[in-house]
Each structure stands twice: as structure tokens, then as C-alpha cells.
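The values are calculated or read from the model by the stated rules, or taken from the named source; none is laboratory data. Bear in mind that the values here come from a model prediction, so they are computed numbers and not experimental data. Every residue, glycine among them, receives a Cβ derived from its backbone with ideal geometry; neighbour counts consider all protein chains shown.
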Amino acid sequence: MTSNDDVERSDGTAAPVVRLERDGRVATITVDRPKALNALSPEVLDGLAELVAELAADPGELAGVLLLGAGGRAFVAGADISAMAGLTPDEGAQTAERGHAVAAAIEALPLPVIACVDGYALGGGLELALACDFIYATEASRFGQPEVHLGLIPGFGGTVRLPRAVGPALAKELIYTGRQMGVDEAARLGLVTRRFDDREALLAGARETIGLIGANAATAVALAKRVLVGAAGTPTATATLLEIEGFRDAFRTEDMREGVAAFLEKRDPAFTGR
Ligand code: DAK
């Protein structure tokens, strides 16, 4: 399973810049350009789009997805600055659309996606993490939207999802200053939901969470994600209708019948994902 090849690699090899691995019920997507701190080149964005589409087409028995960056210094240090240097305004907008499409595809995936941040999650990197369901991070992690340092603004959803995650005033402060924050502050704000000493503990913790999720009805988890994502930022009346529709759809599943029957019969449920 590969994506676009990255011919920029210093060792001259053409290796995939984004990788997908399936291990039991956990899929891992790794952005693998450590020499550029995993910056989001057009090839990385295409690779992410391709691999998320592959998961959507065949989720199989998967219970969740981990998204991470290779190399131990960065999750993703932003959009690739060198790739942006010569863009026209229209090409810039196309780049933004490409980034938004990746974020939307992650949100549409009927599986939880955990951003596993170990190092820098800046600019497009933080925006990518925000498109995931939640963020786990190591103590070494740094977060920020530094686009204004470059004369840019967030272009992959930062003005949309960061205010939802941390509140509008703080999002403005972070975006206007471009300052970085450490994991202490990010965790205090609820941006990071769990923190870990190192990468190994991070990945073990994320796998453990996918295990907890995987014990539940996959249909219900997917419905909950659909409702939560769909309702984000909508008025209460709209969000309420989405929840009612999701609740209705849960009654269409075998898993719901099984879960309720198992409770009443005082036995463990045997969910099938249908
Ligand atoms: N793009 C390309 N290369 C990058 C990079 C990036 N975002 N970040 C780091 N690198 C590269 C460095 O150039 C360096 O390459 P070499 O010189 O070794 O070839 C290598 O990674 C290691 O980086 P440093 O030498 O700088 O390492 P340090 O430890 O000194 O510093 C740093 C780490 C993360 C603080 C620093 O690298 C840094 O400030 N990086 C830039 C972070 C940043 O500003 N990120 C936000 C990018 S703007 C758009 C849509 C969306 C966006 C923009 C436009 N369209 C609508 C067009 C989003 C924009 C962004 O994300």
C-alpha cells in the first residue's frame, strides 16, 4: 500500500511519503518525510487523500486509525513552505481546497482517527490533527498556527476547527500571534486529550483506546462520529435534528438489537458491525 512517490528524498530513492499499515483492528497512516519535518507537500496531500479513500472503501474489521509523523521530531510542521513559494492566488486556493478535502475525508471516515502527535504540529500540521477525532501527544510536542509569520493565514481549516476546539478568543490569539504552545497548555485547553512521556507510550495508549472503542458496536461509533462531525458549528435546532436522525439509524442496526438484548439477558453482546 503506497501513495505518491517522493523523489525529493536525499538518498535518491523514490519511497512513499505516506504509508498505510493495518495491524489487526488498528490502521496506521504515517506521514514519512522526516527530513522536512513531514511538511505537507502536494504529494503528501495526495497520498493522504488516496489512503483515507482506501480505508473508506474497505474498512474491514478495523476499529480505528492512528495518524502520525515519522522521525520523532514532528507530527507535521505545516504546509510545505517551499512548495508554496511560487503559487499564484488561484493555485493557493487550489492548495487550500486540496487540504480541506483531506480534512473532510478524515471526518467522513466511519472510523475514529486519533492524531498521535510527537513533536511539532504547526500550521497545516495542527489543522490536520484538528480534523482527527482527538489528539494524543507526547511531552515533547509543540502546537501553533504560525502562518502569519509567512504572510499567510491558516488554509486547511484552522480558522474553522481551532475556535471550535479552544474557543474563539484563544484561537484568535494563537492565530494572530503565531506563537507556539507546549503540551501543558494544549492539554489544559482540551486540545490534547491525553499526554504521554514518549512515542512508545503514546502509540500504546492510542492502541489501547482503539481497543476500548473496538469492544463497542462499530455501527454506533460510526453514527456517533457522523452526528458529532455533522453537528459541529451548527445551530442547536440543526444539531438536534442530526442527532434524532442518527438515533433513528441506530434502531436500524442489528448491533443495537443485540446490545439491548444482551443487556436484558445479562450477557456480553456479540456485535457484528451491521
Ligand atoms: N515546509 C518545508 N520544509 C520545512 C518546514 C515546512 N513547513 N518546516 C521545516 N522544514 C524543513 C526545514 O527547511 C529544514 O530543512 P533543511 O534546511 O534541513 O533542508 C528541516 O525541515 C528541519 O527544520 P529546521 O532546520 O528549521 O529545524 P529547527 O529545529 O531549527 O526548527 C521548526 C523547527 C518547526 C520550528 C522550523 O522548522 C519551522 O519554523 N518550520 C516552519 C513551521 C511553519 O511555519 N509551519 C507553518 C507553515 S504554513 C495554504 C493552505 C494552507 C497553508 C498555507 C497555504 N494555501 C491556501 C496555499 C498552511 C500553511 C502552513 O502550514
Q.
So, in the stretch 30-40, how many residues would count as being in contact with a strand residue (DSSP E or B) (Cβ under 8 Å, 6 or more places away or on another chain) and surrounded by fewer than 22 Cβ atoms within 10 Å (Cβ to Cβ)?
A. 4
Q) Which ones in the stretch 109-123 are more than 6 Å from the ligand (Cβ to nearest atom) and among the aliphatic types (A, V, I, L, M)? A) 109, 111, 113, 114, 115, 117, 121
Q. Looking at (1) surrounded by 21 or more Cβ atoms within 10 Å (Cβ to Cβ); (2) in contact (Cβ under 8 Å) with a residue 60 or more places away in the chain; (3) more than 13 Å from the ligand (Cβ to nearest atom), can you tell me which one residue 217 breaks?
A. (2)
Q: Among the residues of the stretch 21-52, write down those that are of a type in the set (A, V, I, L, M), within 14 Å of the chain's Cα centre (by Cα) and more than 16 Å from the ligand (Cβ to nearest atom).
A: 27, 29, 51, 52
Q. Restricting to the stretch 128-157, what's the tally of residues that are touching a Phe, Trp or Tyr at 6+ places or on another chain (Cβ under 9 Å) and farther than 23 Å from residue 71 by Cβ?
A. 1
Q: Could you check, for the stretch 199-216, whether at least one of its residues is modelled with pLDDT of 95 or more and touching an Asp or Glu at 6+ places or on another chain (Cβ under 7 Å)?
A: yes
Q.
Step by step: first the residues of the stretch 53-80, then only those that are near the ligand (Cβ under 10 Å from one of its atoms) and buried (at least 23 other Cβ atoms within 10 Å of the Cβ), then the one that is nearest to residue 20 (Cα to Cα). Which residue is that?
A. 76
**Q.** Neighbours by Cβ (under 8 Å, 6+ apart or cross-chain): first from the stretch 145-158, farther than 15 Å from residue 181 by Cβ and small (Gly, Ala, Ser); second outside any loop (DSSP other than H, G, I, E, B) and within 6 Å of the ligand (Cβ to nearest atom)
**A.** 155/79; 155/92; 155/95; 155/96; 155/99; 155/124; 155/147; 157/99
Q: Would you please list the contacts, defined by Cβ atoms under 9 Å and residues six or more apart or on different chains, that run from a residue in the stretch 51-71 that is among the aliphatic types (A, V, I, L, M) to a residue that is at pLDDT below 95 and buried (at least 18 other Cβ atoms within 10 Å of the Cβ)?
A: 51/3
Q) Does residue 106 satisfy being more than 19 Å from residue 190 (Cβ to Cβ), in contact with a Cys (Cβ under 9 Å, 6 or more places away or on another chain) and either more than 9 Å from the ligand (Cβ to nearest atom) or at pLDDT below 95 (or both)? A) yes
**Q.** Unique residue being exposed (fewer than 15 other Cβ atoms within 10 Å of the Cβ), among the small types (Gly, Ala, Ser) and closer than 30 Å to residue 60 by Cβ when the list is 232, 222, 206
**A.** 232
